[in-house]
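> Have a look at the structure that comes next, please.
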Amino acid sequence: MHDLTHLDVPRDYANNLAWRIAIREWAMADTERQQALCYWCSKDFRLFLNGFCWLFEPRENVGAPDKIIPFIAWEHQDACLDTLLENVGRDDIGFDKSRGEGASWIVLMLFLWRWRFFRMNAFGLVSRTELAADNPSDPDSLMWKLDWQLKMLPPWMVPNFDRNQADHTLVNLDNGSQIVGYAATGDIARGGRKFAFLMDEIASFKKGQDQEAMNSTSQVTECRILVSTPKGPYGAFYDAMHGENSMIKVSLKWQQNPLRKKGLYAVKAGRPVLHDWKYWRSRIGNDDLDEQQVARLAYQIQDETDNNPFKYRFMLKGPFVREGRVRSLWYDRQCRKPNATPRGIAQELDLDYSGSTAIIFDISVLENLQNTMCLPPRHVGDILFDLNPIEMNERWSQRPGGEIQIWCGLVPGTWRPPNERSYVIGADIASGLAGPSSSNSVLDVTDCLTCEQVAQ
């Protein structure tokens with residue numbers, strides 16, 4: 001047999017599974033063949049990943065009939081592998097990703113590959129809690145994934161190793177490499193040295209602990225791999241992904257996932273605009289239609305009923321619809337799930353740092369209320385402060401564009417609101433981050449009796 005590379009491994013499910021069975025049967029006959037496979041894997045991470053690693057996938061509708069499936073990198077994951085292999089151990093790498101895109105699994109398999117085939121490599125796995133880093137009963141914990149993967153590898157590929165769950169360590173006794181799990185604290189591996197760290201879902205670390213974890217690892221390693229979905233425009237992960245620094249930045253988006261991007265479309269002016277027009281043509285069942293004909297049929301749809309040529313309920317309005325933002329059948333299903341919120345969708349799927357915290361009310365509802373129920377203020381101006389208290393009418397400066405807007409009637413000659421009413425003031429304080437997503441701070445004054453806004 002010629003030297004194997006990842007190019008010899010089929011990428012479709014059925015043929016990949018058949019290849020794995022055949023290569024194991026071929027290797028069982030001879031220890032020299034087993035040594036050859038280990039040598040070829042040591043030179044080619046993709047051969048190790050696509051030919052010998054597995055995924056535990058309990059969800060349905062993931063493109064395979066079983067819960068244990070071959071790890072076959074998708075095309076958009078391959079681009080991330082190029083970045084990882086080029087920079088691991090040398091530079092910090094940041095992954096912002098949609099939920100469920102396999103970024104953590106990829107990094108873990110890369111660490112496991114180097115742990116198996118490279119001498120004296122040391123890795124750290126950092127998660128928000130100790131149990132999230134290492135829990136032998138939880139498939140979601142990081143160390144569990146490594147334990148399980150070792151059980152799935154051919155026995156002749158697994159080295160002599162020591163697994164200490166109390167210390168959260170996995171040590172290769174044949175070459176001295178090790179992997180250690182940590183909880184997010186201010187003393188991660190202090191005084192130690194690591195080839196690379198995985199900081200898993202760092203945006204979900206407790207406030208302050210994310211920055212402490214970054215500080216304590218900064219002198220321990222040259223390479224920290226930050227993997228997370230966005231969770232607001234603040235915190236160590238946000239700063240790392242948006243700051244001017246030397247970190248290598250990569251995105252894994254659901255729009256690139258072959259299982260999730262079927263039927264891509266967008267909504268413009270309340271009508272569907274098809275991106276994956278060939279898929280939608282197949283829904284019509286007429287291969288004679290060209291792109292423009294399919295696009296015209298779609299643009300005629302103005303409501304969300306199934307009564308259209310595509311036999312599909314497009315999501316054309318509501319809090320989950322953003323003008324021009326790409327959607328798909330899978331994405332629409334996520335929006336229609338019970339208790340789904342625009343904030344949750346922005347956070348988990350859209351890589352929208354500001355939307356993951358800011359979008360509470362549907363913008364179309366707010367615009368409708370503003371256009372139909374809001375009145376212009378009666379008075380606009382500023383309050384002029386003086387160290388010596390004087391009358392209110394002398395401290396009020398009426399001017400267009402002033403910072404204070406008043407909707408209620410004022411006591412004539414005093415510029416004061418009616419004394420017999422009670423008021424409450426609410427404060428919405430901006431985060432002070434600046435930039436295009438920032439907003440101003442606001443004080444809002446409400447009449448306690450009528451619940452009307454009387455000043456801002």
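The values are calculated or read from the model by the stated rules, or taken from the named source; none is laboratory data. Not measured: the values here are computed from a predicted model. Cβ atoms come from the backbone with ideal geometry, glycine included; neighbour counts cover every protein chain shown. Side chains are part of the model used for accessible areas, which takes the heavy atoms of the whole protein and leaves out ligands, DNA and RNA. Shrake-Rupley method; radii C 1.70, N 1.55, O 1.52, S 1.80 Å.
> Report, ordered by the first and then the second residue, all pairs with beta carbons closer than 6 Å, sequence separation of six or more or different chains, a first member in region 209-227 that is over 15 Å from Met247 (Cβ atoms), and a second member that is open to solvent by 50 Å² or more (accessible area, probe 1.4 Å).
Pairs found: Ser216/Asp187; Ser216/Arg190.
> Could you list all residues from region 165-197 that are modelled with pLDDT of 95 or more, assigned to a loop (DSSP other than H, G, I, E, B) and either exposed (fewer than 15 other Cβ atoms within 10 Å of the Cβ) or polar (S, T, N, Q) (or both)?
Within region 165-197, Leu173, Asp174, Asn175, Gly176, Ser177 qualify.
> What number of residues within region 428-448 are open to solvent by 70 Å² or more (accessible area, probe 1.4 Å) and modelled with pLDDT of 90 or more?
2
> Of all residues in region 104-159 being β-branched (Val, Ile, Thr) and either in contact with a Leu (Cβ under 8 Å, 6 or more places away or on another chain) or closer than 27 Å to Trp40 by Cα (or both), which is surrounded by the most Cβ atoms within 10 Å (Cβ to Cβ)? Can you show your working first?
Keep residues of region 104-159 that are β-branched (Val, Ile, Thr), which gives 106-107, 126, 129, 158.
After this cut, where a residue has to be either in contact with a Leu (Cβ under 8 Å, 6 or more places away or on another chain) or closer than 27 Å to Trp40 by Cα (or both) as well, the list is 106-107, 126, 158.
Numbers: Ile106: 22, Val107: 25, Val126: 30, Val158: 14.
Checked region 104-159; the qualifying residue surrounded by the most Cβ atoms within 10 Å (Cβ to Cβ) is Val126.
> If Asp162 satisfies all but one of (1) out of contact with any strand residue (DSSP E or B) (no Cβ under 9 Å at 6 or more places or on another chain); (2) outside any helix (DSSP H, G or I), what's the number of the condition it fails?
(1)
> Could we say that Thr414 is modelled with pLDDT under 85 and among the hydroxyl-bearing types (Ser, Thr, Tyr) here? Before you say what the answer is, go through the steps one by one.
On the way: modelled with pLDDT under 85: yes; among the hydroxyl-bearing types (Ser, Thr, Tyr): yes.
So Thr414 fits the description; yes.
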